[in-house]
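Before any comments, here is the structure.
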Ligand code: NCD
């Protein structure tokens with residue numbers, strides 16, 4: 001295995017195909033580790049990882065923690081409600097205090113876009129973005145691409161539909177950058193109020209109806225409506241949304257017969273996805289969650305410098 005390292009992981013924007021491929025290949029290796037009887041390697045022994053989560057999270061936070069433990073890192077969890085941010089401390093002061101504990105890696109989730117980038121300029125730890133506002137969610141896009149690659153063999157030329165609240169979704173943004181770079185044929189669909197302008201310039205096709213987006217697709221990825229990031233209601237109600245944009249069994253027949261159905265979670269059954277589809281044969285939603293651990297192990301390993309494991313294996 002060739003060692004290469006990432007200084008930080010702030011986003012997928014600007015990441016080249018080689019780097020994405022290397023991360024996905026390394027995740028394959030860690031997936032194999034996760035199937036062993038003893039699911040632990042010493043790669044990050046002596047490395048302190050601080051998980052700084054200032055926004056709710058279930059899957060992302062727990063899979064980062066599992067990934068850190070499997071790499072033998074020391075971990076500290078720091079959340080909004082238990083931290084002094086809730087007492088009015090500025091982000092910069094919190095960052096300086098975190099820095100004083102000399103973490104090697106800081107995994108950050110924050111409701112404001114740009115916070116991981118800001119922290120990367122103010123503290124010396126390697127920063128891993130675990131989702132910042134509307135901006136990016138790079139490890140989610142990597143685990144999504146990993147799941148697609150596992151199921152489809154490669155991403156090149158595959159038709160991928162992403163449906164829902166594209167404007168407010170950091171998952172969509174990171175996937176757009178990654179999938180375009182990997183050569184996928186990307187189609188986005190959502191109500192006009194949830195589709196940002198300028199999508200064509202990014203090399204993707206925008207639709208205002210779900211049907212043309214999912215027709216003959218290899219992958220159908222459904223997104224939650226990010227109500228917490230909307231000023232005003234951008235659609236009449238959940239029932240109406242489901243009627244026009246919900247993924248039903250009937251609509252899924254438009255996609256290729258072996259198409260996979262994805263969702264980053266949390267799912268709103270009966271809003272963006274019918275329960276029968278969420279639990280149906282084509283869904284790989286829990287595979288995505290499982291792959292999240294291996295992909296995050298790969299990312300943590302690479303930002304930690306990549307030294308130990310490659311020394312052992314080369
Ligand atoms: C997403 C997130 O938080 O951006 N979830 C996740 O990390 N698995 C998507 C969402 O909240 O809808």
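Within 10 Å, count the other beta carbons around each residue, average over each peptide in 155-168, 116-129, 45-58, 277-290, and list them highest first. Each step should come with its number before you reach the end.
On the way: 155-168: 22.3, 116-129: 20.4, 45-58: 18.5, 277-290: 16.4.
In decreasing order of mean packing, 155-168, 116-129, 45-58, 277-290 become 155-168, 116-129, 45-58, 277-290.
For the range 174-314, what is the per residue volume of the convex hull drawn over the alpha-carbon atoms, in cubic angstrom? Before the final figure, lay out the partial values.
Working: hull volume 21.7 nm³, N = 141.
Convex hull volume per residue, Cα atoms: 154 Å³.
Please find the FRET efficiency linking residue 200 to residue 77, where r is the Cβ-Cβ separation and R0 is fixed at 51 Å, and quote it to the nearest 0.05. List each step's numbers first, then the result.
Numbers: r = 42 Å, r/R0 = 0.82.
Step by step, r from the Cβ atoms, then E = 0.75.
Along the Cα-to-C-beta direction of residue 113, a point sits 7 Å from the Cα; which residues of the range 128-157 have their amide N less than 13 Å from that point?
So the set is 132-137.
7 Å from Cα along Cα→Cβ at both residue 243 and residue 209: what's the point-to-point distance in nm?
Going by the 7 Å Cα→Cβ label model, 1.6 nm.
Roughly what % antiparallel, to the nearest 5, for the DSSP beta bridges in the range 72-208? Working shown, then result.
Values: 1 of 14 bridges.
Approximately 5 percent, going by the DSSP bridge assignments.
Using 5 Å bins from zero, what percent of all Cα-Cα pairs in the range 92-180 falls into each bin?
So the P(r) values, bin by bin, are 3, 13, 21, 19, 14, 12, 10, 5, 3, 0.
For the ranges 169-177, 145-153, what's the packing order if you count other beta-carbon atoms within 10 Å of each residue, average per peptide, and put the highest first?
Details: 169-177: 25.2, 145-153: 20.0.
Taking the mean over residues of other Cβ atoms within 10 Å, the ranking is 169-177, 145-153.
Tell me, in nm to one decimal, what length is gained between residue 40 and residue 100 on full extension, where the rule is 0.36 nm per residue of separation less the Cα-Cα distance?
Details: separation 60, 0.36 × 60 = 21.60 nm, distance 2.88 nm.
Using 0.36 nm per residue and subtracting the Cα-Cα distance, I get 18.7 nm.
What is the helix-to-structure angle for 17-33, meaning the angle in degrees between its Cα long axis and the longest Cα principal axis of the chain, kept from 0 to 90 and rounded to the nearest 10?
The helix 17-33 is inclined about 70 degrees to the chain.
Just to confirm the number: angle between the C-alpha axis of helix 91-100 and the first principal axis of the chain, 0 to 90 degrees, nearest 10?
40
Kirkwood hydrodynamic radius, the chain, all distinct C-alpha pairs: what's the number in Å?
Details: mean 1/r = 0.0501 Å⁻¹.
Kirkwood hydrodynamic radius for the chain: 20.0 Å.
As a test of the formula, what do you get for the chain when each DSSP H run with n ≥ 4 contributes -39,500 (n - 2.57) and the sum is divided by the residue count, at 222 nm and rounded to the nearest 500 deg cm²/dmol?
Result for the chain, helices only: -11500 deg cm²/dmol.
For the chain, give the share of DSSP beta bridges that are antiparallel, in percent and rounded to the nearest 5; count only bridges with both residues there. Please list the in-between numbers first.
Details: 1 of 37 bridges.
Rounded to the nearest five, the antiparallel share is 5 percent.
I need the calculated FRET efficiency for the pair residue 281 and residue 235, taking r as the beta carbon distance and R₀ as 22 Å, to the nearest 0.05. Present the calculation step by step, with values, prior to reporting the outcome.
Values: r = 30 Å, r/R0 = 1.34.
The formula returns an efficiency of 0.15 here.
If you bin the C-alpha pair distances of the range 157-200 every 10 Å from 0, what whole percents do you get?
P(r) for the range 157-200, in whole percents per bin: 28, 60, 11.
Give, in nm to one decimal, the length gained when the segment between residue 269 and residue 28 is fully stretched (0.36 nm per residue of separation minus the Cα-Cα distance). The partial results should precede the final answer.
Values: separation 241, 0.36 × 241 = 86.76 nm, distance 3.07 nm.
Here the segment from residue 269 to residue 28 would lengthen by 83.7 nm.
Rounded to two decimals, what ratio of Rg to Rh does the range 168-230 give with C-alpha atoms and a Kirkwood Rh?
On the way: Rg = 11.4 Å, Rh = 12.3 Å.
Rg/Rh for the range 168-230 comes to 0.93.
Determine one quarter of the surface area of the Cα convex hull of the range 36-151, which equals its mean projected area, and express it in nm² to one decimal. Before the final figure, lay out each step's value.
Details: hull surface 32.6 nm².
Over all viewing directions, the range 36-151 projects a mean Cα-hull area of 8.1 nm².
Per q in 0.18, 0.23, 0.25 Å⁻¹, report the Debye log10 I(q)/I(0) for the range 35-77, using one uniform scatterer on each alpha carbon and no solvent.
With no solvent term, the Cα-only Debye profile gives -0.53, -0.78, -0.86.
For the modelled label position 7 Å from the Cα of residue 87 along Cα-to-Cβ, which residues of the range 29-52 have backbone nitrogen atoms closer than 19 Å?
Taking a point 7 Å out along Cα→Cβ of residue 87, the residues of the range 29-52 whose backbone N falls under 19 Å are 52.
On a 0 to 90° scale, report how tilted helix 285-303 is relative to the longest principal axis of the chain, with both axes built from alpha carbons and the result rounded to the nearest 10.
With rounding to tens, the tilt is 40 degrees.
To make sure I understand, if each residue's beta carbon is the centre and we count other beta carbons within 10 Å, what order do 254, 76 fall in, fewest to most?
On the way: 254 17, 76 14.
With the sparsest Cβ surroundings first, the list reads 76, 254.
Report the relative contact order of the range 66-136, percent, no decimals, based on alpha-carbon pairs under 8 angstrom and at least 6 residues apart. Let's see the in-between values first.
Numbers: 74 pairs, mean separation 18.7, N = 71.
Relative contact order here is 26 percent.
Here, each number is a calculation from the coordinates, and none is a lab measurement. In this text, all values refer to a predicted model and were calculated from it rather than measured experimentally. We place every Cβ from the backbone using ideal geometry, glycine too, and count neighbours over all the protein chains shown.
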